[in-house]
């Protein structure tokens, strides 16, 4: 059931079956020409719910453009499928090279080799081909995405939103900000029930550092209506930004303590010792896709600690390992809010 949020602004709930995110909040700016923001997995349940909401709002896809906040398949999966002949599909320019199509330089085989070097077992990586939604539920190859640059303006339904580049969750993540109304369509940059996953991206030195810098920038916006891509809003926008920054400071300290107590370790072993909010009694019981996300997040925190000079990386064989630097040994409890 679609819900009106403001003048010519609606949300359509799209379920994400079998996924801990539970649902996607799709947004629609309605007018002479519409803008649909995000789409759901390339999955029948997502397609059925989205199309039902669009029918309820009497949306003609031939008069509708699509804005993808970022490349993840729960946001992009249906975009090429539901596009009309005149639909333009927008996505942040830094995410474009990861999207399926002739322009993509991303390879799951390369990704698997990088994770294997960090200690992730090959049998589990092979299992992910069927179980990881990032692989199995992504959009069909499409070559006509339109790249979005920082500061670009989108005018639909009497609204005027500015795209703001907020890297970290993905390299090209974008939010939409309307200064006049205080409405901010957040994608996965700021979530309120859960913490956005930040992983290591190939070609990015410090994804977590990028994410924290972007949080510091957007936390000053006078947001009156924050609209996240998942779940609901349970805190003031600035307070939630501050809580996310503090969360990653605690996670960095946790990684440093694990290295202090365990010595030289792989990212896989570090992730297995970190604290995770998941319905599993121990690391062995983690679903394999969640292990993949956890190891990626551990790598992002390690990259940030390397950038701060607190951790060193040793590219030894067969696995890459990490250990505390001299600064890290003395900096565990005095680490600044990162």
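The values are calculated or read from the model by the stated rules, or taken from the named source; none is laboratory data. Predicted, not measured: the structure shown is a model, and the values here were computed from it. When we count neighbours, we look across all protein chains shown, and the Cβ atoms used for this are built from the backbone with ideal geometry, even at glycine.
Considering every residue within the range 245-266, establish whether at least one is out of contact with any helix residue (DSSP H, G or I) (no Cβ under 7 Å at 6 or more places or on another chain) and farther than 16 Å from residue 305 by Cβ.
Scanning the range 245-266, I find at least one residue that is out of contact with any helix residue (DSSP H, G or I) (no Cβ under 7 Å at 6 or more places or on another chain) and farther than 16 Å from residue 305 by Cβ, so the answer is yes.
If you go through the range 235-243 one residue at a time, do you hit one that is modelled with pLDDT of 95 or more, touching a helix residue (DSSP H, G or I) at 6+ places or on another chain (Cβ under 7 Å) and part of a helix (DSSP H, G or I)?
Checking the range 235-243: at least one residue is modelled with pLDDT of 95 or more, touching a helix residue (DSSP H, G or I) at 6+ places or on another chain (Cβ under 7 Å) and part of a helix (DSSP H, G or I).
On the given criteria, is residue 191 touching a residue at least 40 places away in the same chain (Cβ under 8 Å), more than 17 Å from the chain's Cα centre (by Cα) and either surrounded by 14 or more Cβ atoms within 10 Å (Cβ to Cβ) or in the same structural domain as residue 75 (by TED's automatic domain parsing) (or both)?
no
Name the residues in the range 69-89 that are free of Cβ contacts under 8 Å to residues at least 60 places away in the same chain and either in a helix (DSSP H, G or I) or surrounded by 18 or more Cβ atoms within 10 Å (Cβ to Cβ) (or both), would you?
Result: 81, 82, 83, 87, 89.
Spot the failing condition for residue 259; the list is (1) surrounded by fewer than 17 Cβ atoms within 10 Å (Cβ to Cβ); (2) at pLDDT 95 or above, and only one is missed.
Tallying (1) surrounded by fewer than 17 Cβ atoms within 10 Å (Cβ to Cβ); (2) at pLDDT 95 or above, residue 259 fails exactly one: (1).
Return the total of residues in the range 108-132 being within 18 Å of the chain's Cα centre (by Cα) and either without any contact (Cβ under 8 Å) to a residue 60 or more places away in the chain or farther than 22 Å from residue 272 by Cβ (or both).
Counting residues in the range 108-132 that are within 18 Å of the chain's Cα centre (by Cα) and either without any contact (Cβ under 8 Å) to a residue 60 or more places away in the chain or farther than 22 Å from residue 272 by Cβ (or both) gives 1.
Give the residues of the range 127-158 that are in a loop (DSSP other than H, G, I, E, B) and surrounded by 14 or more Cβ atoms within 10 Å (Cβ to Cβ), sorted by residue number.
132, 137, 138, 139, 142, 145, 150, 152, 157
Tell me, which residue of the range 90-113 that is touching a helix residue (DSSP H, G or I) at 6+ places or on another chain (Cβ under 8 Å) and crowded, with 21+ Cβ neighbours inside 10 Å is nearest to residue 155 (Cα to Cα)?
The qualifying residue nearest to residue 155 (Cα to Cα) is 91.
Given (1) assigned by TED's automatic domain parsing to the domain that holds residue 157; (2) within 24 Å of the chain's Cα centre (by Cα), identify the lone condition not met by residue 56.
Single failed check for residue 56: (2).
Taking the condition of being closer than 30 Å to residue 277 by Cβ, touching a residue at least 12 places away in the same chain (Cβ under 8 Å) and surrounded by fewer than 21 Cβ atoms within 10 Å (Cβ to Cβ), how many residues in the range 28-46 meet it?
Matching residues across the range 28-46 total 1.
Going by the structure shown, is residue 161 buried (at least 16 other Cβ atoms within 10 Å of the Cβ) and more than 17 Å from the chain's Cα centre (by Cα)?
Answer is yes for this residue.
Here is a check on your reading of the model: is residue 119 on the phi > 0 side of the Ramachandran plot and surrounded by fewer than 18 Cβ atoms within 10 Å (Cβ to Cβ)?
No: the conditions fail for residue 119.
Listed here are the residues, each with its yes/no results for (1) closer than 24 Å to residue 20 by Cβ; (2) modelled with pLDDT of 95 or more.
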site	(1), (2)
248	yes, yes
252	yes, yes
276	yes, no
299	yes, yes
302	yes, yes
311	no, yes
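Name the residues in the range 104-126 that are over 15 Å from residue 203 (Cβ atoms) and in a loop (DSSP other than H, G, I, E, B), would you?
Listed by number, the residues that qualify are 118, 119, 120, 121.
What helices (runs of 4 or more DSSP H) lie completely within the range 245-338 and have 2 or more residues being in contact with a strand residue (DSSP E or B) (Cβ under 8 Å, 6 or more places away or on another chain) and within 17 Å of residue 118 (Cβ to Cβ)?
Ranges flagged: 267-273, 288-307.
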